[in-house]
Amino acid sequence: MGKYPSGKVQDLTGQMFGKLTVTGPAGNIGGALAWHCRCECGNEKDVRGYELTSGHTRSCGCLVRDAGRAKRLDLTGRTFGKLTVLEPAENIGKDTAWRCRCDCGNEVAVATRNLTGGTTRSCGCLRGRYPKTRLDLTGQTYGRLTVLERAEDIGGVPAWRCRCECGNETVVRQRDLRSGHTGSCGCGKGKERLDLTGQKFGKLTVLGPAKDVDGKTAWSCRCECGNEVTVKTSGLRSGRTRSCGCLARE
């Protein structure tokens, strides 16, 4: 272990510095003796000894985050039109955002300025742009995109926050997802053909590509009942075809 100018090693194990408790040595960071610490919030962090003893570092970083949140406008519990603010949401672009529940039951993420400025006063149902009861796409996969959660509407059209296979996140309009118009964050554009192999749609599991049907891309699928059937991409991704036909018979 490194030594202090006096030549003696100061053992900080067990000592507390702010919200950090030292659990043991952690080698050197930039040539300085470091210590492994556990924060009161549960996170762990390696900190250089002089940063602890000088008071420069007193948490894993949560103190700074908490201070930032305390200074930020808190809209939790407030009502704007038909929207009641539930909690902070992930930023929309550079704007802070809030998860809100509409009187009709839908939840939506709305930018702070749209709430406080009166631009957004409902999930969209006030404008009658779409039915109150809407599809829940959470967890569904469209090409390289996996739907994470509802996002603020785009031009009055339902939208969803998605994670791409490359790791990027993007907000996509519902109709662009379901139509197959958007299948990635843009990283795979023009690079590869959509591959649904192994994906599941209702009772159907895609086995692999099949011969095109009416000039449209199609897939060979196995139904949970054991039958195999060929289905067009649009039928699978739109949800129109979810079995070999046994669901309708049932």
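Numbers below:
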quantity	calculated
Near pairs, Cβ below 6 angstrom, 6+ apart or cross-chain, from the stretch 146-171 (without any contact (Cβ under 8 Å) to a residue 12 or more places away in the chain) to any residue that is surrounded by fewer than 20 Cβ atoms within 10 Å (Cβ to Cβ)	none
Pair list, Cβ < 8 Å and 6+ apart or interchain, from the stretch 33-53 residues that are in contact (Cβ under 8 Å) with a residue 24 or more places away in the chain and at negative phi to residues that are assigned to a helix (DSSP H, G or I) and not β-branched (Val, Ile, Thr)	LEU33/GLY49
Residue within the stretch 161-174 that is in a strand (DSSP E or B), of a type in the set (S, T, N, Q) and closer than 24 Å to ASN114 by Cβ present	yes
Yes/no for ARG178 being in contact (Cβ under 8 Å) with a residue 40 or more places away in the chain, under 30 Å from ALA111 (Cβ atoms) and open to solvent by less than 30 Å² (accessible area, probe 1.4 Å)	no
Filter result (buried (at least 17 other Cβ atoms within 10 Å of the Cβ) and either basic (Lys, Arg) or part of a loop (DSSP other than H, G, I, E, B) (or both)) within the stretch 83-104	ARG99
Subset tally (residues that are modelled with pLDDT of 90 or more and open to solvent by 80 Å² or more (accessible area, probe 1.4 Å)) for the stretch 12-39	2
Residue list for the stretch 43-60, restricted to those being within 14 Å of GLN15 (Cβ to Cβ), open to solvent by 70 Å² or more (accessible area, probe 1.4 Å) and among the charged types (D, E, K, R)	ARG58
Residues of the stretch 190-244 satisfying the condition of being part of a helix (DSSP H, G or I) and of a type in the set (A, V, I, L, M, F, W, C)	LEU236
Enumeration of residues in the stretch 164-190 that are at pLDDT 85 or above and over 18 Å from the mean Cα position of the chain (by Cα)	ASP176
Criterion (surrounded by 15 or more Cβ atoms within 10 Å (Cβ to Cβ) and modelled with pLDDT of 85 or more) met by exactly one of THR79, THR120	THR120
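The values are calculated or read from the model by the stated rules, or taken from the named source; none is laboratory data. Everything numeric in this text was worked out from a predicted model, so none of it was measured. Cβ: placed from backbone, ideal geometry, glycine included. Neighbour counts: every protein chain shown. Side chains included, ligands, DNA and RNA excluded: accessible areas come from the protein's heavy atoms. Shrake-Rupley method; radii C 1.70, N 1.55, O 1.52, S 1.80 Å.
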